[in-house]
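Structure record follows, encoded as structure tokens.
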Amino acid sequence: MRLRIGFLGLGTMGEPIANNLRKAGHDLTVWNRTPSKADHIVSKGGKLARSPRECATGRDLVLCCVTDERALDAVLEGPDGALAALREGDVLVDLSTAGVRAARSVAERVSARGARFVACPVLGSRTAAEQAQLVLVVGGPAAARERARPALHAVSARLFEVDDPAQAALLKLCVNAIGGAMITGFGEALALGRAGGIPVPRLVEVLQASSFHSPLYLMKGELVERKDFAPRFSIALAEKDQRLAQEAAADLGAKVPLNETVRRLFASAAESGRGDEDIAAIAELFFEWAGKK
């Protein structure tokens, strides 16, 4: 099924997702705060809107992929925002990781216009996005999920569906809380090993032979060894996700002390100038603290 899609946000994840929608044959209109980021998509047949409202007007489906809850509000609200374009029966899908509070708030605002909202945070890096191999957690009314399904299948390897947008947002935060603990523990262990003369590849080799093996350690270990910290998933975004997990925990009355420690470590790395680097660069923070950079 060919859909008329409006797509808001062409950042690290948004651009490859939108490009895959174009390649799948959908009628694609895009908007981005920096219009030049749409040049590639427009040169291949996509259309560029002058505002989020124009991008969302008259579409079968509107998708957002922005940095955080503040950026989401910026593209939705105001006379030129996407909400102003929504009509009864329209479907808005948010691919961002904006948190549980944002999912509830946006669902209410979209519903007030007679439209339907689907929270659809993505699991995976830019590489997975480029290869249309993302995992999507899809939360919203069944009819809205059905409308979005052809587009979501075009950019993903697997969908996990729930009825509640807030639960989809929480599932993503839980997964990223685990991922944050894994990568910070990995970086700390690499620094401990280096302090004792163990090279990164050797530690990774032994780790991958153990019951604690993970594709994350293999992939990020190679990046640490090469000092290749181009952002597949940045430290700044990882810190934001840990913050949103703490926000959700506070609302639910849950205790997440490990999450707070992980957030502070990402914040320290960002403060040292590594916020725009890949999360693998967290190892460099531990190397510096150990005097083994």
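Okay, here's what the table says:
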item	result
Proxy reagent accessibility, fewest Cβ within 10 Å first, across 134, 8, 190	134, 190, 8
Cut-off 12 Å between beta-carbons: net charge of the residues surrounding residue 275, Lys and Arg +1, Asp and Glu -1	-3
In Hz, Karplus ³J(HN,Hα) per residue of the range 107-115 (6.51, -1.76, 1.60; θ = phi - 60°; x = Gly, Pro)	4, 5, 5, 5, 4, 4, 9, x, 9
The chain - percent relative contact order, Cα under 8 Å, separation 6 or more	14 percent
Cα-derived Rg over Rh, computed across the range 116-263 with Rh taken as Kirkwood radius	1.03
Proximal charge balance of residue 45 [Cβ under 11 Å; K/R count +1, D/E count -1]	+3
Using alpha-carbon coordinates, inclination of helix 257-269 to the longest axis of the chain, degrees	90 degrees
Most mobile listed residue (54, 77, 277) in the chain, GNM with C-alpha springs under 10 Å	77
The chain: most fluctuating residue of 138, 206, 122 per GNM, C-alpha cutoff 10 Å	206
Compactness of the range 187-293 as Cα Rg over 2.2 N^0.38 Å, two decimals	1.13
Antiparallel bridge percentage (DSSP; both residues within the range 4-163; nearest 5)	10 percent
GNM flexibility winner over the chain from 282, 183, 198 (Cα, springs under 10 Å)	198
Residues with amide H under 5 Å from that of residue 116, placed H, sequence gap 5 or more	89, 90, 91, 92
Cα-Cα over 29 Å, subset of 44/227; 37/172; 23/240; 47/172	44/227; 23/240; 47/172
Table column - 3J(HN,Hα) (Hz), the range 118-129, Karplus curve with 6.51, -1.76, 1.60, x for Gly and Pro	10, 7, 9, x, 9, 10, x, 9, 4, 4, 5, 5
Integer Hz, Karplus 6.51/-1.76/1.60 couplings in order for the range 193-199, x for Gly and Pro	x, 4, 4, x, x, 8, x
Percent antiparallel among DSSP beta bridges (both partners in the chain, rounded to 5)	15 percent
Overall Cα dimensions of the chain - principal axes, largest extent first, Å	63, 46, 33
Nearest-ten-degree value, helix 14-23 long axis tilted from longest Cα axis of the chain	50 degrees
Binned Cα-Cα distances of the range 4-163, short to long, each 10 Å bin given as a whole percent	12, 47, 37, 4
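Read-outs throughout are calculated quantities, based only on the coordinates presented, and are distinct from any laboratory measurement. Just so you know, these numbers come straight off a predicted model, no measurement behind them. We place every Cβ from the backbone using ideal geometry, glycine too, and count neighbours over all the protein chains shown.
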